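Everything on this sheet refers to the single structure shown next.
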Amino acid sequence: MRKRRNLWIIVLIVIVGLFALSAFRGYNGMVTKSEKVGEQWSNVENSYQRRADLIPNLVNTVKGYADFEQTTLTQVIEARSKATSVQINPENLNAESMKQFQDAQAGIGGALSRLMVVVEQYPNLKANQNFLDLQSQLEGTENRINTERRKFNEIARDYNTFIRVFPRNLWAGLFNFDKKPYFEAAEGTEKAPEVKF
């Protein structure tokens, strides 16, 4: 009878030990992956910040042409101001904050696109070496942004998959590890533009 009781105690200790080990490994794995998401989010923000830092130089170069449309420049400056005011802490990265961030960044993208369309009407500006250098840096920065966003989505997907697998999904709920949002394509980009000649 005593041997049987000792056996149950050993079985109980083993079960509790496995339970604790699962919690320990699951929690540490979630922390590690969450930190990678935060690190990659910083890379995304740095790329967007680089674009925002180029805008004042671009605007000042364009301002040198007196007859340039002031409204377009004002829109670019306002969009930059709005975009740089939206900050997201990696711990509070959720779908709502991601949408705010993407909307603000889309505002800059739209304003810059309008600026480049207007620039086409000014051949002297298009030939200005400083403007050409800034335009080239801006294009390179846009490529960096796309690369960092793609990497962010990959790391977020890895994290989200990790926290949703049993039994880690139990620990994720217990320790408040929430799913991270992804960058998504802007509305309307799924349709190819219609070109008419």
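Observations on the structure shown:
- Residues within the stretch 98-117 that are among the β-branched types (Val, Ile, Thr) and either buried (at least 17 other Cβ atoms within 10 Å of the Cβ) or in contact with a His (Cβ under 7 Å, 6 or more places away or on another chain) (or both), tallied: 1
- Residue within the stretch 50-62 that is in contact with a Leu (Cβ under 8 Å, 6 or more places away or on another chain) and without any contact (Cβ under 8 Å) to a residue 40 or more places away in the chain present: yes
- Residue among Ser81, Ser47 that is surrounded by fewer than 16 Cβ atoms within 10 Å (Cβ to Cβ) and closer than 30 Å to Phe131 by Cα: Ser81
- Residue pairs whose Cβ atoms lie under 8 Å apart, sitting 6 or more positions apart in sequence or on different chains, and linking a residue in the stretch 16-31 that is within 18 Å of Tyr159 (Cβ to Cβ) to a partner that is of a type in the set (Gly, Ala, Ser) and assigned to a helix (DSSP H, G or I), are Gly26/Ala172; Met30/Ala172.
- Under the condition of being surrounded by fewer than 18 Cβ atoms within 10 Å (Cβ to Cβ) and among the hydrophobic types (A, V, I, L, M, F, W, C), the residues counted in the stretch 139-177 number 5.
Yes/no matrix, rows are residues, columns are (1) over 19 Å from Ala185 (Cα atoms); (2) not polar (S, T, N, Q):
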site: Ser42; (1), (2): yes, no
site: Leu73; (1), (2): yes, yes
site: Val76; (1), (2): yes, yes
site: Glu96; (1), (2): no, yes
site: Gly107; (1), (2): no, yes
site: Phe131; (1), (2): yes, yes
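- Single condition Arg25 does not satisfy, out of (1) surrounded by 11 or more Cβ atoms within 10 Å (Cβ to Cβ); (2) within 30 Å of Lys126 (Cα to Cα); (3) not β-branched (Val, Ile, Thr): (2)
Quick grid of which residues meet (1) within 27 Å of Asn28 (Cα to Cα); (2) acidic (Asp, Glu); (3) assigned to a loop (DSSP other than H, G, I, E, B); (4) in contact with a Leu (Cβ under 8 Å, 6 or more places away or on another chain):
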residue	(1), (2), (3), (4)
Thr84	no, no, no, no
Ala106	no, no, no, no
Ala111	no, no, no, no
Arg114	no, no, no, no
Thr141	no, no, no, yes
Lys151	yes, no, no, no
Asn160	yes, no, no, no
Leu170	yes, no, no, no
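- Output for the stretch 102-150, where each listed residue is among the aliphatic types (A, V, I, L, M) and within 16 Å of Ala83 (Cβ to Cβ): Ala104, Ala106, Ile108, Ala111, Leu112, Leu115, Leu138, Ile145
- Test: Leu112 is touching a residue at least 40 places away in the same chain (Cβ under 8 Å) and more than 13 Å from Arg51 (Cβ to Cβ): no
- Residue list for the stretch 117-134, restricted to those being free of Cβ contacts under 8 Å to residues at least 12 places away in the same chain and not acidic (Asp, Glu): Val117, Gln121, Pro123, Lys126, Ala127, Gln129, Leu132
No lab work stands behind these numbers, since they all come straight from the coordinates. This is a predicted model, so every value here is computed, not measured. Every residue, glycine among them, receives a Cβ derived from its backbone with ideal geometry; neighbour counts consider all protein chains shown.
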